[in-house]
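Working notes, beginning with the structure itself.
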Amino acid sequence: MAVRPALNHIGGAWVESSSHATVEDRDPAHTDRVLANATASTPADVRNAIDAAEKAFPEWRATPAPQRGDIVRKAADLMERRRDQLARLLTQEEGKVLAESFVEVDRAIANVRFSGAQGTRLVGETIPSAQRGTFIYTTREPLGVVVCVTPWNFPIAIPAWKIAPALVAGNAVVFKPASLTPLCATEVVQCFLDAGLPDGVLNLVLGSGEALSSALIDDGRIKAISFTGSSAVGRTLYARAAQRLCKVQLEMGGKNAVIVLADADLEKAAESVASGAFGATGQRCTATSRAVVAKPLLADFVKLLGSKAESWKPGDGLADGVKMGPLVDASQLKKVQAKIADGKREGATLVRDGTNVGIEGGYFVAPTIFTEVDPRMSIAQEEIFGPVVSVIPADDLESALAKANAVGYGLSSSIYTRDLHSAFRYADASEAGMLHINLPTLGGEAHVPFGGVKDSGFGDRECGAAAFDFFSEQKVVYVGY
Ligand code: UN1
């Protein structure tokens, strides 16, 4: 495959950064393969992008919302037409297996289509006035120039589900994707452009680093920042943006637990934990990283999970028979290896060690399972972002709930039980934003709000109609007649 340049898109043109520097973008399954040389942006490029967005905003704001929605829906149609190409690129650039890439692309399409259709539904309210002869109504107004900062692990779906509602709501966007996935970002932008988006309404700035982030966070013209990434970065971003009352939406880490009660369907529960822990190589914020299992089932559960782990064969995500792609880069590999070493040192029982897979050329690990894990251990507390699961024994429902909740994060959770009381007690008590009963911790549907509590999420939810709460402001009009 030829090495492509990956460029910024500013004010309707594909342009190099003012630094003229580039960063190599490599295939994590074949680290000797360079896919692109991505332009490395500077604060000056960010300012140009914000200038362009600011210039384009008034006309885009004045474009009727249904027309904005039509353009966004066309972008979804183009993504659908380019589905194969997008999925293959996603596997090459990020590493997930092709089947997972298709699921991600389809989710992006569903999100963009949903947001496009919302163009006809940006409704307000009428509210009865306490005064005679007075009519009160509300409208939704765009915010202005907004920033979407996205991670490498869902480099097509997350940009899609941030950018689409931002645009339909009438904002102009500066898009800053993760530096590891510039080509996926480029192709997402291309779909919106080919759908007929006017120049400057969507701008792409590639690169990384403190100076670049500062230029985005501290510019007073930016009215809102939607961020997906680590909790540490999210906190800093919020603290900085709060200084100038910039709206912030944070989607951060997870340490999601599946509770398996003694009356659970053992096969389904083990399958759910395997897919939750090993799918996407564990590199998703909704991954299952803890299984809190009732003691009578513990031995059988661990055995079954271990046998399922065998089928999660790591390798090149484009190759037949491979079920799990590589980790995204060398630093992620090092981090996952270090976490596994921590678990051993802390005294958890390592049932299956995936650190030495013996596959050359990429950042591979295999499924890793710890059992007899104490909830206070770091492997039970910290996000790993790799195919590693900690099995934690529990005595009963209440102790399982306490253990599942005993983390800083609160994104998703799950319970396997056949008992109605246990299911509803869990639904009341689980400290997470997205709960699952007899289903894996993974994913989310396009038209449904997505997000977490505690260290996992802050601000309005993403996806569904809720996404428009973040990307718009309410205006109230009192009319005396
Ligand atoms: C999913 O797990 O299906 O960065 C989506 C993440 C989340 C999105 C995950 N914000 O992993």
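The values are calculated or read from the model by the stated rules, or taken from the named source; none is laboratory data. Quantities reported herein were computed from a predicted structural model and do not represent experimental measurements. Heads up, the Cβs are rebuilt from the backbone with ideal geometry, glycines too, and the neighbour counts pull from every protein chain shown. Heads up: the accessible areas ignore ligands, DNA and RNA and are worked out on the full protein's heavy atoms, side chains in. Shrake-Rupley method; radii C 1.70, N 1.55, O 1.52, S 1.80 Å.
Note that the range 1-152 presents 47 Å² accessible area per residue, ligands and nucleic acids not counted, probe 1.4 Å. Counting helices only, and only those DSSP H runs with n ≥ 4, report the 222 nm mean residue ellipticity of the chain as the sum of -39,500 (n - 2.57) divided by its residues, in deg cm²/dmol to the nearest 500. When only DSSP H runs of four or more count, the value is -12000 deg cm²/dmol. Count the DSSP beta bridges whose two residues both fall in the chain, then state the antiparallel fraction as a percent rounded to the nearest 5. Antiparallel: roughly 40 percent of the beta bridges in the chain. Taking Lys and Arg as +1 and Asp and Glu as -1, the other residues whose beta-carbon sits under 9 Å from that of residue 218 total +1. The mean accessible area for residues of the range 256-437, using a 1.4 Å probe and ignoring ligands and nucleic acids, is 38 Å² per residue. FRET efficiency for the pair residue 453 and residue 3, taken as 1/(1 + (r/R0)^6) with r the Cβ-Cβ distance and R0 = 30 Å, rounds to 0.10. Could you please state how large a percent of the accessible area of the chain is carbon and sulfur, counting protein chains only and using a 1.4 Å probe? Carbon and sulfur: 53 percent of the exposed surface of the chain. Dipole size of the chain about its Cα centre, with +1 on Lys/Arg Cβ and -1 on Asp/Glu Cβ: approximately 740 debye, rounded to the nearest 20. Each Lys and Arg contributes +1 and each Asp and Glu -1, all at the Cβ; summed about the Cα centre of the range 359-481, the dipole is approximately 240 debye.
Figure the gain on full extension for residue 131 and residue 211 (residue separation times 0.36 nm, minus the Cα-Cα span) and round it to one decimal in nm. Each step should come with its number before you reach the end.
On the way: separation 80, 0.36 × 80 = 28.80 nm, distance 5.29 nm.
Full extension of this stretch gives 23.5 nm more.
Taking 16 Å as the straight-line reach from the Cα of residue 323, the aspartates and glutamates in range (excluding those fewer than 8 positions away in the same chain) are 94, 100, 104, 271, 310.
Remark: the residue 83-residue 439 segment gains 125.4 nm on full extension, using 0.36 nm per residue and subtracting the alpha carbon distance. Positive contributions from Lys and Arg (+1) and negative ones from Asp and Glu (-1), summed over other residues with Cβ under 14 Å from the Cβ of residue 261, come out at -2.
Please label the shape of the range 256-437 as rounded, prolate or oblate, based on the square roots a ≥ b ≥ c of the eigenvalues of the alpha-carbon gyration tensor (a/c under 1.5 means rounded; beyond that, a/b larger than b/c means prolate, else oblate). Verdict is prolate for the range 256-437. Using Cβ point charges alone (K and R +1, D and E -1), the dipole size of the range 111-189 about the Cα centre works out to roughly 120 debye. Please report the spacing between the Cα centers of the range 315-380 and the range 34-96 in Å, no decimals. Cα centroid to Cα centroid, the span is 34 Å. If R₀ is 35 angstrom, what is the calculated FRET efficiency for the pair residue 106 and residue 51, using the beta carbon separation as r and rounding to 0.05? Once the sixth-power term is evaluated, E becomes 0.50. Take the Kirkwood radius over Cα pairs of the chain, plug it into Stokes-Einstein at 10 °C and 1.306 mPa s, and you get 69 µm²/s for translational diffusion.
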